[in-house]
């Protein structure tokens, strides 16, 4: 018979470090607890396409508001856009109907919230013709209305690039104020 170093019991067989079965299990457990475990870094889940689209729209529209700050309303109401909280980034070709034109800078202009809610497309078109010309409007409509793809699928990298680009542009404009 052999004697365990920790509990001093006589046992027929000793394990590592001259310990009985029970004491060797306890020592092994103590060693495992005393070792610092490496914390596995948690992977940040990828944002959904819907969340990316929402974020991209936020930064793009914020940039449009900052770009058009101080100019007049795109509906021709001669209201000066003085505070980015009081006006919208208005789409000539609606985002829901023409998603491929949603992030086109030529398609979006600053306008008052009341006009944007009423969706006065005729006045918007008239003002764009006055500002940019009939040929410019015809080119915009031809790009998105005539040569229209039937379905548009959002791409994660495209939306991430939109977020990064317009976030940087907004920070640049805001830092120059």
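Here, each number is a calculation from the coordinates, and none is a lab measurement. All figures in this text were calculated on a predicted structure; none of them were measured in a lab. FYI the Cβ positions are ideal-geometry reconstructions off the backbone, even for glycines, and counts take in every protein chain you see.
Would you kindly calculate the translational diffusion coefficient of region 105-177, applying Stokes-Einstein with the Kirkwood radius from alpha carbon pairs, for 10 °C and a viscosity of 1.306 mPa s, and quote it in µm² s⁻¹ without decimals?
104 µm²/s
Cα axis of helix 49-67 to longest principal axis of the chain: angle in degrees, 0 to 90, nearest 10?
Result, in degrees: 50.
What's the extension gain from residue 156 to residue 43 if we count 0.36 nm per residue and subtract their Cα-Cα distance?
My answer for the length gained is 38.9 nm.
On C-alpha positions alone, give me the angle between the axis of helix 156-176 and the longest principal axis of the chain, in degrees, nearest 10.
70 degrees
Using 0.36 nm per residue, how much length does the chain from residue 2 to residue 168 gain when fully extended, once their Cα-Cα distance is taken away?
Working it through step by step, the gained length comes to 52.3 nm.
Quote to one decimal, in nm, the extra length available between residue 121 and residue 58 on full extension: 0.36 nm per residue of separation minus the C-alpha distance between them. Mind showing how you got there, number by number?
Details: separation 63, 0.36 × 63 = 22.68 nm, distance 2.24 nm.
Additional length available on full extension: 20.4 nm.
What does a probe at residue 134 reach in region 73-112, counting residues whose amide N is under 13 Å from the point 7 Å along Cα→Cβ?
Nothing falls inside the zone, counting backbone N under 13 Å.
Kirkwood hydrodynamic radius, region 97-147, all distinct C-alpha pairs: what's the number in Å?
That comes to 11.8 Å for region 97-147.
Rounded to the nearest 500, what is the 222 nm mean residue ellipticity of the chain from helices alone, with -39500 (n - 2.57) per DSSP H run of 4+ residues and division by all residues?
The per-residue figure over the chain is -14500 deg cm²/dmol.
Expressed as cubic angstrom per residue, what is the convex hull volume of the alpha carbon set of the chain? Spell out each step's value before the answer.
Numbers: hull volume 37.6 nm³, N = 177.
Normalising the Cα hull of the chain by residue number yields 212 Å³.
If I fit a long axis through the Cα atoms of helix 21-34 and take the longest principal axis of the Cα atoms of the chain, what angle between them do I get, 0 to 90°, rounded to 10?
30 degrees
What spacing in nm lies between the two simple spin-label points modelled at residue 141 and residue 69, each 7 Å away from Cα in the Cβ direction?
In this crude label model, residue 141 to residue 69 measures out at 3.4 nm.
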